[in-house]
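The values are calculated or read from the model by the stated rules, or taken from the named source; none is laboratory data. Quantities reported herein were computed from a predicted structural model and do not represent experimental measurements. No Cβ is skipped: glycine too gets one built from the backbone with ideal geometry, and neighbour counts run over all protein chains shown.
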Amino acid sequence: MFRRTTGAVLRVPAVLVALGGLVLSVGGSAGVGALPDRLAYRADEGPDRDHSVDRRIRAIMADLTLAEKVGQMFVLQVNGDTATTTNPTDVAANQALYGSDVRNGAELLAKFHPGGIIYFNATNNLGHPQQVALLSNGLQKAALADHGVPVQISTDQEGGSVSRIPPPSAVSPGNMAIGATFDRDVSYSTAASTGRQLRAMGINMDHAPVVDVNTNPRNTADGTRAFSDRTETVSAFGAAAVRGYQHNGVAATAKHFPGLGSAEANPDTGVAVVTETREEILRTDIPPFRAAIDAGVKSIMPTAVIVPALDPTRTPAVLSKPIITGLLRDTLHYDGVIVTDALRADALKDIPQDQVILGAINAGNDELLLPADPPAAIATVLDAVREGTISRHRIDQSVYRILRMKAELGLFDDPFTTSEAVDSTVGTPREQQIMADAAHRSITLLRNQAGVLPLPANSGQHVLVTGWGFNSVPSLADKLSAKGLVATPMWTGSPDQQTIQQVVAAAGASDVTVVLTNNAWGDVTQQNLVKALLAAKVKVVTVAVGGPYDIAYFPSAPTYLAAYGYRDVSLAALANTLVGTEPIGRLPVTIRTPDGTQVLYRYGSGMGFGDGAQATAPGGSAFAGQPER
């Protein structure tokens, strides 16, 4: 665990059991926390290992130049599928971002010494598992040749809608689907599976889990990325995910501090504001981060949300000293690595970059993720240190935390992976089954008034599959056809009136229509499609493949399921349920009318095929096992 031992005691829900293990802490210091003179430890680990790690880190730091130390604080992207790529498109992209002398990842590491590299699909990093492993090994080789410090390699592999790793990797359903299982062991097992596969590909940090509490159904940043709208559920499932990742050699990142669940905008694309009171934030949004800290989370990511109740200056949280140092460091006593959300986010675009970079450091962050202009950002920090605006001691604090985390991940001993590790781990039947089981347990039936479900497999019934999802509609149709139905895909996206009329006509020629929606609360054309199908008096099964809240916008829908996701793992589980696999998921959120004044479906609602026409929510919680059916 990473907790500063300054005398305060954190309280977490009684259901969360603290992990044993190493406690690395900074004792007795004010502010951000001084570089420790010695390390605290737990008896089951022993003092020798602690002091050995400390001595090793200090020896490494003594050999690093200022430029190398500052480089450790930056997490950057690089284009290319190998560390020495010569692909003209990738080379050009790297030169545009870093200068003409940086053609690839190896040259980036040699020139700017970044402590971390983050992988994206758009930067051509994630083609297939063996390629990812070779890229990771190449970057590690280049980093060790440069200054002897292994590189942190990360990605955003949350599962569900935010999934980066390539096929045939086993991909988990999203957090809300996992929350719908009402079993935190599923959160652990899916994170553990993800962690095993990431580490086999040489990725040693995952920017997951999201531990925001999704109290705003119209939240465009979180939605199905959140486990639930209940604090205690998010706390339990988030802590379980942290353990799952980290028990398998991958640093977890709890995000988005201090909580984004009540906002509506996404800081990546706009200005997000949390209007809750300080008391509401401390009661609702902060406990999941406390639980993650108690579980030993190695990294926490603040975001650029504005929280006036915590910082009346309305400084974005990621740049706010009262929030990062005051709340996260001093109140929650967290002394692990704090990595910013992307500093090129739209929410920060009106702030000059030098103010963003220096503000992030002064606020108490350790790692600076994806600045808009990396060379200028690095120069800003170097100039600030040389001019005395930022002390070398402050740089050393962050570098110590970063190197300590790398040591605990075993990167100084062996940062490499192997082809055999990829073959024996990534996308194996074992990992695929873990994810499939989670998805199966998530599918939630809320209404079956017309008794349309289940559809008879191998009956040759004609099924029209329509609605949202350019890939999801044909994928589901293929899966239903494989089960002995005659399924026809008709993708609509956000349909105009002519498209809606065509779909209604096709539905009239089919035995049943399955219509997919995704966050229809924000798309009136999706609502119009569903309402037109219902008015046509045809058999309609409505399925939300985003958040489950859509039923509030077409409350007369007689048959309604929540799948919480549109990735293949969730669509496969949905297809199985449509033809007879018993639905056992439960709502991990409450669904209200659009104006929020009435509850339509309570937390825990769900039903099986034989349970009547409409779901109810019996007693039970995520901590008491499955609710009664």
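Residues in the range 384-401: is at least one buried (at least 18 other Cβ atoms within 10 Å of the Cβ), modelled with pLDDT of 95 or more and in contact with a strand residue (DSSP E or B) (Cβ under 8 Å, 6 or more places away or on another chain)? Within the range 384-401 (the criterion being buried (at least 18 other Cβ atoms within 10 Å of the Cβ), modelled with pLDDT of 95 or more and in contact with a strand residue (DSSP E or B) (Cβ under 8 Å, 6 or more places away or on another chain)), the answer is yes, since at least one residue qualifies.
Could we say that LEU529 is of a type outside the set (Val, Ile, Thr), in the same structural domain as TRP468 (by TED's automatic domain parsing), over 22 Å from VAL234 (Cα atoms) and buried (at least 21 other Cβ atoms within 10 Å of the Cβ) here? Yes. The residue of the range 477-511 that is farthest from TYR549 (Cα to Cα), among those that are touching a His at 6+ places or on another chain (Cβ under 8 Å) and β-branched (Val, Ile, Thr), is VAL486.
Exactly one residue among GLY296, GLY261 is in contact (Cβ under 8 Å) with a residue 40 or more places away in the chain and closer than 19 Å to LEU198 by Cβ, and that residue is GLY296. Within the range 467-488, the set of residues being touching a strand residue (DSSP E or B) at 6+ places or on another chain (Cβ under 7 Å), surrounded by fewer than 21 Cβ atoms within 10 Å (Cβ to Cβ) and outside any helix (DSSP H, G or I) comprises PHE470, VAL486, THR488. A residue that is part of a helix (DSSP H, G or I) and touching a Phe, Trp or Tyr at 6+ places or on another chain (Cβ under 9 Å) cannot be found anywhere in the range 443-456. Where helices (runs of 4 or more DSSP H) fall entirely within the range 94-207, those with at least 2 residues that are at pLDDT 95 or above and surrounded by fewer than 19 Cβ atoms within 10 Å (Cβ to Cβ) are at 105-112, 129-147. The listed residues are ALA552, ALA617, and the only one of them that is at pLDDT below 95, closer than 21 Å to ALA450 by Cα, small (Gly, Ala, Ser) and surrounded by fewer than 22 Cβ atoms within 10 Å (Cβ to Cβ) turns out to be ALA617. Within the range 225-242, the set of residues being farther than 12 Å from VAL589 by Cβ and crowded, with 23+ Cβ neighbours inside 10 Å comprises ARG225, SER235, ALA236, PHE237, GLY238, ALA239, ALA240, ALA241, VAL242.
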